[in-house]
Amino acid sequence: MQAHAVKAFMSGDPVWVSPDASALEAFEQMIDRGIRHLPVLDRERRVVGVLSIDDLRAALPFSMTLRQPLSPGERETAREWRVGEIMSHDPETLGPEASISEAAERMAERRIGCLPIVDEERRLAGLLSETDVLWAIATAGRLPRDSAETARKRELESLVRELERERERIRTRLAQRQRAEASLEAVMRDEPMDQAERGADTTIVQEAVALDELAVRRLAALDAALDRAAQGHLGECTSCGASIPVARLRAMPGTTVCVACARTARR
């Protein structure tokens with residue numbers, strides 16, 4: 001790998017939180033942006049910590065996933081915790097001219113998922129994640145990363161191909177299940193059975209129908225997402241116009257709003 005500087009691969013101007021922010025605020029930032037780490041800055045924009053989703057999971061007494069918001073009770077609990085109580089203090093940092101090789105070694109040795117990139121006064125200049133390092137390794141010998149706009153376009157193109165493949169898999173499985181259900185119903189209708197046998201087969205059919213309903217709903221969401229992609233609007237929030245993170249689109253392909261707007265609508 002060539003000795004590219006980390007500044008060519010870091011995320012510039014990353015989202016951050018202050019130590020006195022609530023854990024709820026930090027978690028909602030992670031969900032909204034589809035990220036796993038947040039640098040923590042003081043009033044002078046100096047890095048004083050890093051908060052990860054793993055830190056939140058270790059500290060808070062309930063399961064947390066970036067795929068769904070918290071329940072009302074969990075939100076209240078998370079609101080009581082401060083970021084400064086949970087974050088990793090005085091984290092490892094690097095300067096923007098450090099090499100990707102040095103960053104990779106530091107992250108592997110310390111087993112950390114990101115490195116804040118700072119200037120001489122420890123003010124935040126960017127954030128380097130595991131994904132950024134993998135990208136640097138994958139593109140060694142080529143030009144540094146595309147612009148954010150180009151990278152977003154490629155992410156969405158990749159997502160569209162992924163959603164198309166999923167749609168075909170679901171259609172195939174759904175057709176197979178429906179044929180099997182029709183066959184079983186014919187057997188139940190035409191062949192004599194005792195009550196236990198008929199009850200067992202009825203349960204199987206009911207469970208299959210429930211799975212079919214879930215599959216149909218997922219297909220509708222995939223179709224909606226692919227229609228929006230064909231129109232060039234996939235990933236645009238219809239409420240505020242902001243970009244919807246790919247992680248949210250993958251989990252909820254039919255969504256047309258970002259987390260912040262969805263949260264506002266619920267309230």
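I'd like the residue in segment 233-246 that is among the hydrophobic types (A, V, I, L, M, F, W, C) and surrounded by fewer than 17 Cβ atoms within 10 Å (Cβ to Cβ) and, out of all such residues, is farthest from residue 27 (Cα to Cα). Quick ask: steps written out before the conclusion?
Looking only at segment 233-246, we keep the residues that are among the hydrophobic types (A, V, I, L, M, F, W, C), and these are 234, 237, 240, 242, 244, 246.
After this cut, where a residue has to be surrounded by fewer than 17 Cβ atoms within 10 Å (Cβ to Cβ) as well, the list is 240, 242.
Details: 240: 21, 242: 19 Å.
So the residue we want is 240.
Would you check which residues across segment 84-103 are surrounded by 13 or more Cβ atoms within 10 Å (Cβ to Cβ) and under 19 Å from residue 13 (Cβ atoms) and list them?
Our first condition is that a residue be surrounded by 13 or more Cβ atoms within 10 Å (Cβ to Cβ); within segment 84-103, this holds for 84, 86-88, 91-96, 98-103.
Passing the criteria: 91, 93, 94, 95, 96, 98, 103.
Do you know which residues across segment 36-60 are in contact (Cβ under 8 Å) with a residue 60 or more places away in the chain and in a loop (DSSP other than H, G, I, E, B)? Working first, answer last.
Narrowing segment 36-60 to residues in contact (Cβ under 8 Å) with a residue 60 or more places away in the chain: 36-37, 39, 41, 44-47, 50, 52.
Across segment 36-60, the qualifying residues are 36, 44, 45.
From 65, 139, grab the single residue that is crowded, with 16+ Cβ neighbours inside 10 Å and polar (S, T, N, Q). So that I can check it myself, show each step before the final result.
Working: 65 fails: crowded, with 16+ Cβ neighbours inside 10 Å.
The match here is 139.
Out of 110, 33, 106, 45, I need the residue that is of a type in the set (Lys, Arg), under 23 Å from the mean Cα position of the chain (by Cα), closer than 28 Å to residue 9 by Cβ and not assigned by TED's automatic domain parsing to the domain that holds residue 242. Which one? Break it down stepwise before answering.
Details: 110 fails: under 23 Å from the mean Cα position of the chain (by Cα); 106 fails: under 23 Å from the mean Cα position of the chain (by Cα); 45 fails: under 23 Å from the mean Cα position of the chain (by Cα).
Of the residues listed, the single one that is of a type in the set (Lys, Arg), under 23 Å from the mean Cα position of the chain (by Cα), closer than 28 Å to residue 9 by Cβ and not assigned by TED's automatic domain parsing to the domain that holds residue 242 is 33.
Can you tell me how many residues in segment 248-267 are surrounded by fewer than 16 Cβ atoms within 10 Å (Cβ to Cβ) and within 19 Å of residue 151 (Cα to Cα)?
So the answer is 1.
What are the residues in segment 73-91 that are within 13 Å of residue 50 (Cα to Cα) and either of a type in the set (Asp, Glu) or not assigned by TED's automatic domain parsing to the domain that holds residue 55 (or both), if any?
The answer is 85, 90.
I'd like to know if segment 58-67 contains one or more residues that are touching a strand residue (DSSP E or B) at 6+ places or on another chain (Cβ under 7 Å), farther than 16 Å from residue 118 by Cα and at pLDDT below 90. Full working, then the answer.
From segment 58-67, those touching a strand residue (DSSP E or B) at 6+ places or on another chain (Cβ under 7 Å) are none; that's our starting set.
No, the conditions are met nowhere in segment 58-67.
Looking at 40, 47, 17 in this structure, which one is more than 27 Å from residue 70 (Cα to Cα) and touching a strand residue (DSSP E or B) at 6+ places or on another chain (Cβ under 6 Å)?
Working: 40 fails: more than 27 Å from residue 70 (Cα to Cα); 17 fails: more than 27 Å from residue 70 (Cα to Cα).
Going through 40, 47, 17 in turn, the sole match is 47.
What residue, among those in segment 14-30 that are in a helix (DSSP H, G or I) and of a type in the set (Gly, Ala, Ser), is nearest to the chain's Cα centre (by Cα)?
The initial filter retains those residues of segment 14-30 that are in a helix (DSSP H, G or I), namely 23-30.
Still in the list and also of a type in the set (Gly, Ala, Ser): 23, 26.
Numbers: 23: 18, 26: 15 Å.
Applying the filter and picking the extreme gives 26.
Being polar (S, T, N, Q) and part of a loop (DSSP other than H, G, I, E, B) is the filter here; which residues of segment 64-101 pass it?
Selection gives 65, 68, 71, 93.
The values are calculated or read from the model by the stated rules, or taken from the named source; none is laboratory data. Since the model is a prediction, treat every value here as computed from it, not as a measurement. Reconstructed Cβ throughout: ideal geometry from the backbone, glycine too, with neighbour counts over all protein chains shown.
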